[in-house]
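Undergrad: Shown below is the structure under consideration.
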Amino acid sequence: MMEKNVAEGSYQEVLIEDGFFVLKIQNDGVRKQKVVREIDSSFIQFHFCLKGSAKFIFNEGRYALEVSEENSLLLYNTQLDLPINLELNPNSWLVSVVMTIRKFHSLFSKEADYIPFLSADNKDKKYYSQEGVSPAIAVILSQIMNYNLHNSIKELYIKGKVYELIALYFNKSDDADMEQCPFLVDEDNVRRIRKAKEIIISRMAEPPTLSELSEEIGLSLKKLKEGFKQIYGDSVFSFLFDYKMEYARKMLETGQYNVNEVGLKVGYSTASHFISAFKKKYGTTPKKYLMALASN
């Protein structure tokens, strides 16, 4: 697992197996984030935009494809390398699944005719497809981007979720979403839960109570709790705690802020309370964490 972090965002690459990997890219800053990665013509690419928007640039800027919030982009061209040359707009998140055509074929070896571009007529052609993201897929994407798990099982968890994601992507049944979670078939509920997450993140230093939050998004307290757990895999405040600690860790790593400043930014009125919270999350104090980074 390769990961790069900055205060405004992160780039994480998770190897599922040989010839099969996932990119998790977050841009929480105010400037565009550029991501470049070599990918040759033996790969197929699935890009999912959770929020914001992104632009994929080809042929040295002469051609571009955009993917917006709650939409996906599939890229496949056996005749031409399609390296990732990505511009991720501010406040945007992207999950990309990239695998070799050989690996992709193996997933559908008994059902290859079901996938349009796997037919004999199309196997040597380029294939680009832009589609909306269903509520069921939105849940999986959120779970890939946000999870609260022990390090030893993170990769296994992501692997399972990625297989589930690909299965749902090609499941065109009208009942697909119903089978996932009846609560989430209501896209309005999904939108409200996402709004709740945005609210607590934007006001993480002084977040609203659960009652205030449920009133603000227009959902009952019960539906807020159940929906948030379903989409993000954790309770509202447990999710917020993890987010705040990760945000604080990235701020500290820039070397531009002291412990007091970071603590205040994420909502701790005293340094001692922040240090205690940081230690609870990472098992060490902010100072010792930075010393360990420096020594490495």
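The values are calculated or read from the model by the stated rules, or taken from the named source; none is laboratory data. In this text the structure is predicted, and so the values were computed from the model without any measurement. When we count neighbours, we look across all protein chains shown, and the Cβ atoms used for this are built from the backbone with ideal geometry, even at glycine.
Undergrad: Among the residues of the stretch 206-230, which ones are touching a residue at least 24 places away in the same chain (Cβ under 8 Å), of a type in the set (Asp, Glu) and more than 27 Å from residue 157 (Cα to Cα)?
TA: Across the stretch 206-230, the qualifying residue is only 206.
Undergrad: Another question about this same structure. Restricting to the stretch 231-259, name every residue that is among the basic types (Lys, Arg) and touching a residue at least 60 places away in the same chain (Cβ under 8 Å).
TA: 249, 250
Undergrad: OK, next. For residues that are under 19 Å from the mean Cα position of the chain (by Cα) and outside any loop (DSSP other than H, G, I, E, B), scanning just the stretch 220-236, find the one that is modelled with the highest pLDDT.
TA: Looking at the filtered set, the residue picked out is 236.
Undergrad: Another one. With a cut-off of at least 3 residues that are buried (at least 16 other Cβ atoms within 10 Å of the Cβ), name the strands (runs of 3 or more DSSP E) lying wholly within the stretch 1-95.
TA: Where strands (runs of 3 or more DSSP E) fall fully within the stretch 1-95 and carry at least 3 residues being buried (at least 16 other Cβ atoms within 10 Å of the Cβ), they are 9-17, 20-27, 43-51, 53-58, 71-76, 84-88.
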